[in-house]
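Q: After the C-alpha cells below, expect a handful of questions from me.
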Amino acid sequence: MPTPCTRRDFVRTATASAAALTALGAAAPTPVAPTPAAPTPAARAQPARRTAANERMPLAYIGFGVRARELHGGFLDDEGIEIVAVADVVAARAAEGARLVNERRKNGACAVVGSWREILANPAIDAVIVATPDHWHAEPAIAAALAGKHVYCEKPLSLTIAEGRAIANAARATQIRFQTGSQQRSEFGHHFVRAAEAVRNGRIGKVSRVTIGVGAPPVPCDLPEQPLPEGIDWDGWLGQAPFRPFNAELCPIGMHGNYPNWRRYREYCNGGLADMGAHHFDIAQWALGMDESGPREVIPPADGAKTGLRFVYASGTEMIHGGHTDCTFYGSEGTIECSRGHVRAYRGEDRAAADDPTLLEPVRAGETALPRNASHIDDFLRAIREGRDPICTAETGHRTATICQLCTIGYEIGKPLAWNPAAERFTGANAAEANALTTRAVRRHA
C-alpha cells in the first residue's frame, strides 16, 4: 500500500487529478479520445483511511442541492457515520446542509467549507457524497479517488464517455469503494431486482427487445441573462462548461425544493433521456448481464424523430428508447414490465393479458440471485466496512451513462453507428464524427 501523503503531496495529487482529467479537456482546448487504460499506480496518492471500530466514519458533501437533502437522512440513519463538512457554490445551500445535519445529530460536528478541494485535502475524511450537477461529477470524483476517499456519486455518472472512463479507471486503480446513485437496484420494493432476476434466469425465454420509457435528448441552453445574486459562485457552478450569464433555472437561488432545469441542457446534462435513463437503462443493462459491456449498434430513427432509437447487442437483443413504462422486457415466453410502483409479467405481448406469477417465481437452486439491499446508502456504507464492491460500481455507472451518451450521439448524428464496447470506440461508417463526440473541449476554470 502507498504511504500516507503530506498536504504538499496532496497538492501534487490535485495536479495529478488534473492530469487524469486530460480526457475531460481541462487543460487542453482540443477534445481527446477516451482510453480504456487505467491510471498508473503512481496516481494513487494515499490509501483509504480505516476508521477505528469505536469511532464514526467521517463523510462530507460536495454539493448540497435538493438531491443531497433527500440523501442526508439516509446517511444519518446510520449511527456509524458522521457528516463533518458541506461544500456548495451557493453559500445558502452549504449553510442549510450543515444546519440540517447538526439539527439531526445535535453535536455541531458539521461545518461549512469554502471549496470541495478543502474536503479532499482533509485526511480525516473517509468518504464523500458527490451531489453536484452532472457536468461537475468527474473532477471531484476522480480527485476523491486519488485522495483515497470512498465515493457515493449521483447519477448519471458522467457528462461524456471519456469522463466516465476516467472515473472508472481512477476508482479501479485506487481500490476505493465507489457507489453510483442508481438506487433502483436497491430500493422501490425490489421491483427492479425481481424483474432483472427473472430475466437473467430465463423466465421469459430469449429476450428479443427491451423498451425504456424516458425523456428526450438534450437541447442547447438558450436561457436569458438574469442578475447574479450575492452568495453564488457562478464561475464555480459553470466549471468546465462554456461561459454564459447567470440564470436561476440552472442554479436556483438559496436552498430550493425542486429539481433544477439544468438537466434539460446539453452543456450540463444529456437531457431527460439521461436523467431517468441513468436509472432505467441501468436496469436493462443489469438484467441483460451487460454491467461491464454494452451494445454493438446504435440505430437512430430514419425520420429524425427524437424517440425510437435502437441499440442492438451481440446477442441480437434490441433495446429501444421509448416505451409505455420504465422498463419492459419482451421474451419468447412472455413479457415483464416494471417501474418504481409495480412489476408484472404475462404471456405474449398484449398488456391486457392476465398476469402470470410463474414468470416472477423466486430464485431456484442454482439460479442467479441478486442482492436485496435495505437501501442504496446502506449498501455503500456496508461495502466500505466489509471491503467489497457495492451494487453499482463506477464501472457499472460508466457503462450505463455510456448508453445515455450513445443515445444522444446517435440522435445528433442521425446515422447508424457501430460501437465497440470493449475499446469504447465507434468503428466503420461515420466513426470519426461519432468518436469526436465521446468527449468535449472544456473551459479553463478554478
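Taken together, the values in this text are just the output of simple stated rules run on the coordinates, not laboratory data. These numbers come from a predicted model, not from an experiment. Cβ: placed from backbone, ideal geometry, glycine included. Neighbour counts: every protein chain shown.
Q: Where the second residue is among the β-branched types (Val, Ile, Thr) and the first is under 21 Å from residue 292 (Cβ atoms) and lies in segment 380-394, which pairs have Cβ atoms under 6 Å and are six or more apart or on separate chains?
A: Every condition considered, the pairs that remain are 392/180; 394/167.
Q: Among what's in segment 346-371 and is among the charged types (D, E, K, R) and surrounded by fewer than 10 Cβ atoms within 10 Å (Cβ to Cβ), pick the residue that is nearest to residue 209 (Cα to Cα).
A: Residues of segment 346-371 that are among the charged types (D, E, K, R), as a first pass: 347, 349-351, 355-356, 361, 364, 367.
Filter once more, so that each one left must be surrounded by fewer than 10 Cβ atoms within 10 Å (Cβ to Cβ): 350, 364.
Working: 350: 15, 364: 25 Å.
Within segment 346-371, the match that is nearest to residue 209 (Cα to Cα) is 350.
Q: Please go through segment 223-241 and pick out each residue that is assigned to a loop (DSSP other than H, G, I, E, B) and under 22 Å from the mean Cα position of the chain (by Cα).
A: 239, 240, 241 - these are the residues of segment 223-241 that are assigned to a loop (DSSP other than H, G, I, E, B) and under 22 Å from the mean Cα position of the chain (by Cα).
Q: Just give me the residues in segment 427-442 being hydrophobic (A, V, I, L, M, F, W, C) and surrounded by fewer than 24 Cβ atoms within 10 Å (Cβ to Cβ), in sequence order. I'd like the intermediate steps shown before the answer.
A: Start the filter on segment 427-442 by keeping residues that are hydrophobic (A, V, I, L, M, F, W, C), which leaves 429, 431-432, 434, 436-437, 441-442.
Once the filter is applied, which keeps residues that are hydrophobic (A, V, I, L, M, F, W, C) and surrounded by fewer than 24 Cβ atoms within 10 Å (Cβ to Cβ), segment 427-442 yields 429, 431, 432, 434, 436, 437, 441.
Q: Okay, next question. Name the single residue, out of those in segment 298-324 being closer than 29 Å to residue 221 by Cα and among the charged types (D, E, K, R), that is surrounded by the fewest Cβ atoms within 10 Å (Cβ to Cβ).
A: Out of the qualifying residues, it is 303.
Q: While we're here: So if I check each of 444, 385, 364, 440, which one is of a type outside the set (Ser, Thr, Tyr) and in a helix (DSSP H, G or I)?
A: Result of the check over 444, 385, 364, 440: 385.
Q: Return the residues of segment 103-130 that are within 21 Å of residue 175 (Cβ to Cβ), of a type outside the set (A, V, I, L, M) and within 23 Å of the chain's Cα centre (by Cα); say none if nothing qualifies.
A: If the condition is that a residue be within 21 Å of residue 175 (Cβ to Cβ), of a type outside the set (A, V, I, L, M) and within 23 Å of the chain's Cα centre (by Cα), then 126 is the only one that fits.
Q: Just wondering, is there one or more residues in segment 175-183 that are part of a helix (DSSP H, G or I), within 22 Å of residue 284 (Cα to Cα) and polar (S, T, N, Q)?
A: There is at least one residue in segment 175-183 that is part of a helix (DSSP H, G or I), within 22 Å of residue 284 (Cα to Cα) and polar (S, T, N, Q).
Q: Just name the residue that is surrounded by the most Cβ atoms within 10 Å (Cβ to Cβ) out of those in segment 141-164 that are touching a Ser or Thr at 6+ places or on another chain (Cβ under 7 Å) and outside any loop (DSSP other than H, G, I, E, B). Outline the logic, then answer.
A: Our first condition is that a residue be touching a Ser or Thr at 6+ places or on another chain (Cβ under 7 Å); within segment 141-164, this holds for 142-143, 145-148, 153, 155, 157, 160-162, 164.
If we keep only those that are outside any loop (DSSP other than H, G, I, E, B) too, we end up with 142-143, 145-146, 153, 161-162, 164.
Details: 142: 29, 143: 28, 145: 33, 146: 25, 153: 27, 161: 25, 162: 25, 164: 30.
Out of the qualifying residues, it is 145.
Q: What residue, among those in segment 325-345 that are in contact with a His (Cβ under 9 Å, 6 or more places away or on another chain) and of a type in the set (Ser, Thr, Tyr), is surrounded by the fewest Cβ atoms within 10 Å (Cβ to Cβ)?
A: Among those that are in contact with a His (Cβ under 9 Å, 6 or more places away or on another chain) and of a type in the set (Ser, Thr, Tyr), it is 325.
Q: Taking residue 195 as meeting all but one of (1) buried (at least 24 other Cβ atoms within 10 Å of the Cβ); (2) over 30 Å from residue 336 (Cα atoms); (3) of a type in the set (A, V, I, L, M, F, W, C), write down the number of the exception.
A: Answer for residue 195: the failing condition is (2).
Q: Would you tally the residues in segment 419-433 being in contact (Cβ under 8 Å) with a residue 60 or more places away in the chain and not in a strand (DSSP E or B)?
A: Residues flagged as in contact (Cβ under 8 Å) with a residue 60 or more places away in the chain and not in a strand (DSSP E or B) within segment 419-433 amount to 4.
Q: Turning to a different aspect of this structure: Assigned to a strand (DSSP E or B), under 25 Å from residue 264 (Cα atoms) and in contact with a Gly (Cβ under 7 Å, 6 or more places away or on another chain) - does that describe any residue in segment 185-208?
A: No - not one qualifying residue is present in segment 185-208.
Q: Can you name every residue in segment 159-202 that is more than 17 Å from residue 144 (Cβ to Cβ) and among the acidic types (Asp, Glu)?
A: Listed by number, the residues that qualify are 187, 197.
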